[in-house]
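Worksheet: one structure, shown below.
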Amino acid sequence: MDYTRSYENKKMAPSDAVDLIESGDWVDYGSFLATPITLDRELAKRVGTIENVKIRSLGFPGLAAVAKTDPEGKSFTYNSWHFTGADRQLHDEKLCNYIPMLYHEGAGYYEKNDVTTDVMLLRSTPMDSKGFLNFGVSNSFTLAQILAAKKVIVEINENVPYCYGGNEEQIHISQVDAIVDSNNEEMFCLPEPSISDVDEQIAEIVVSQIEDGSCLQLGIGAMPNAIGKLISNSKLRDLGVHTEMLCDSYVDMYEAGCISNRKKNQNSGKFVYTFALGSEKLYNFLDRNTSCSSYPVNYTNHLNMIAANDKAIAINNAIEIDLFGQVSSESCGTRQISGTGGQLDYTYGCYHSKGGKAFICLTSSITDKKGIKKSRIRPFLEPGTITTLPRVMVNYVVTEYGMINLKGKSTWERAKALISIAHPDFREELMEHAKRMNIQM
């Protein structure tokens with residue numbers, strides 16, 4: 001088959017490609033760095049010419065043009081499966097809606113439920129010699145979205161790394177309706193988070209619990225980065241990687257000789273991930289690297305796949321936890337901050353791994369914009385706050401004041417344990433709350 005001819009026949013100007021979108025359509029964007037930046041900007045120019053176009057995105061790495069150009073929402077309604085900082089800003093301006101999602105179920109929403117897609121827009125690598133366009137560092141549930149769509153439009157970006165996959169990491173030109181050239185924007189890079197002394201204290205506690213041959217999942221933010229840096233300077237060896245997000249810390253640990261992936265029961269010798277987000281160093285590491293395998297999230301975050309590797313370790317952040325052990329990692333009151341993501345998936349999966357552990361990490365206190373210090377271990381979650389992890393799933397909780405294990409503890413034992421790692425300024429107050437709430441025996 002002459003793939004080049006097929007490719008050229010499907011090429012369109014961006015303005016012509018977005019004309020394929022009609023009023024009332026559901027439009028899906030590729031996830032994270034597969035987000036169609038050029039097509040999003042071009043579609044925004046159609047404000048006032050179309051109506052009621054409903055857009056779904058997952059981790060848009062910037063301010064979605066369709067939302068910013070249509071504050072009244074007559075042409076576009078913008079929705080997100082997982083908020084970035086930009087999505088959060090749009091949500092504060094009432095320009096973005098949140099869609100609750102259990103990450104490993106993402107594909108099933110399209111395959112088993114009534115989530116419909118008229119047009120799928122995504123960004124990919126240039127076509128290879130066999131006619132395939134690679135999703136780069138963003139697999140997630142992209143193929144499920146494509147298969148559910150009536151039309152598929154792809155914008156090409158030469159800066160997207162070509163990432164080898166276990167499966168579902170690419171699309172064939174025969175499955176595409178339109179191809180668009182982009183401005184080849186540089187890949188979005190996460191700013192390196194600032195690591196505090198408290199982050200380092202928590203990291204030391206967690207790293208002391210990691211053994212040679214452990215299989216790691218790190219979340220996003222300063223805390224996981226601190227843990228990655230500490231591991232890189234440790235004597236830990238033969239670590240494995242099975243994670244949803246691949247970040248710079250994994251490259252640092254690999255280059256330090258800590259990661260070999262040889263002890264894994266599942267996908268031995270391979271970094272397994274569903275999306276990557278970090279610096280240019282990370283993207284260069286992934287480009288055509290045969291030791292790295294991109295999989296769809298219904299594989300990476302499947303509870304059985306996570307638990308299949310021995311000594312699976314999940315390390316994730318939280319915003320607050322209450323005395324019952326309920327964890328919120330995604331909202332402050334009714335203000336949506338991020339999303340459930342894969343925290344629930346990995347907390348459950350790693351706990352069920354042979355020798356596995358799941359850590360929820362948070363600083364004991366936080367100072368708000370008014371300069372008032374507040375405990376992040378609270379009597380109960382702030383009204384309206386979303387519970388990301390139910391209390392029955394929480395394993396280890398770590399602050400700079402220590403580590404506790406909530407499994408198998410009564411409500412009073414849980415409260416007492418949590419108070420023991422709270423900031424000393426709040427412990428007496430928390431104890432009084434526990435008594436008033438009749439948590440004790």
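The residue list M403, N301, N317 was ranked by how far each Cα lies along the charge dipole of the chain toward its positive end, using unit charges on Cβ atoms, and M403 comes out on top. Phi angles across segment 181-191 convert, under the Karplus curve 6.51 cos²θ - 1.76 cosθ + 1.60 with θ = phi - 60°, into 3J(HN,Hα) values of 7, 10, 8, 6, 4, 5, 5, 4, 10, 6, x Hz, Gly and Pro given as x.
Extension gain for D177-L303 works out to 41.8 nm (0.36 nm per residue, less the C-alpha to C-alpha distance). Across the chain, Cα pairs under 8 Å and at least six residues apart give a relative contact order of 13 percent. Between F188 and E211, the simple spin-label model (points 7 angstrom out along Cα→Cβ) gives 4.0 nm.
Going 7 Å from the Cα of T4 in the Cα-to-Cβ direction, what parts of segment 124-158 have a backbone nitrogen less than 17 Å from that spot? Under cut-off, by backbone N: 126-133. GNM remark for the chain: springs join alpha carbons under 10 Å apart, and the peak mean-square fluctuation among S420, S23, S80 falls on S23. All C-alpha pair distances within segment 197-436, sorted into 5 Å bins from zero, spread as 1, 7, 14, 19, 20, 16, 11, 7, 4, 2, 0, 0 percent across the bins. What shape does segment 108-260 take by its C-alpha gyration tensor, where a ≥ b ≥ c are the square roots of the eigenvalues and a/c under 1.5 counts as rounded, a/b above b/c as prolate, and the rest as oblate? Prolate, since a/c reaches 1.5 and a/b exceeds b/c.
GNM on the chain, alpha-carbon springs under 10 angstrom: the most fluctuating residue among K11, K373, K270 is K373. Listed from fewest to most Cβ neighbours within 10 Å, the set R427, R237 follows the order R237, R427. Using the Cβ-Cβ distance between Q440 and S420 with R0 set to 22 Å, the FRET efficiency works out to roughly 0.90.
By the beta-carbon count within 10 Å of each Cβ, the least crowded to most crowded order of H104, H91, H242, fewest first, is H91, H104, H242.
Across all directions, the average projected area of the convex hull around the alpha carbons of segment 3-181 is 9.5 nm². Taking label points 7 Å from Cα along the Cα-to-Cβ direction, E204 and S279 give a separation of 2.5 nm. Using Cα centres only, tell me the gap between segment 1-56 and segment 128-205 in whole Å. Between the Cα centres of segment 1-56 and segment 128-205 lies a distance of 17 Å. For segment 187-271, the Cα-based Rg and Dmax, in that order, read 12.5, 36 Å. Taking the chain as a Gaussian network of alpha-carbon nodes connected by springs under 10 Å, the highest mean-square fluctuation of the residues P424, P100, P191 belongs to P191.
Looking at the chain, the DSSP beta bridges with both ends there are about 25 percent antiparallel. Residues C189, C292, ranked from the fewest to the most other C-beta atoms within 10 Å, line up as C189, C292.
When DSSP beta bridges are restricted to pairs lying wholly in segment 197-436, around 35% turn out antiparallel. Only DSSP H runs of four or more residues enter the estimate; each adds -39500 (n - 2.57), and after division by the residues of the chain the mean residue ellipticity at 222 nm equals -7000 deg cm²/dmol.
Any read-out appearing in this document is the output of simple, stated calculations on the displayed coordinates, not a laboratory observation. Everything numeric here is computed off the predicted structure, so don't read it as measured data. Heads up, the Cβs are rebuilt from the backbone with ideal geometry, glycines too, and the neighbour counts pull from every protein chain shown.
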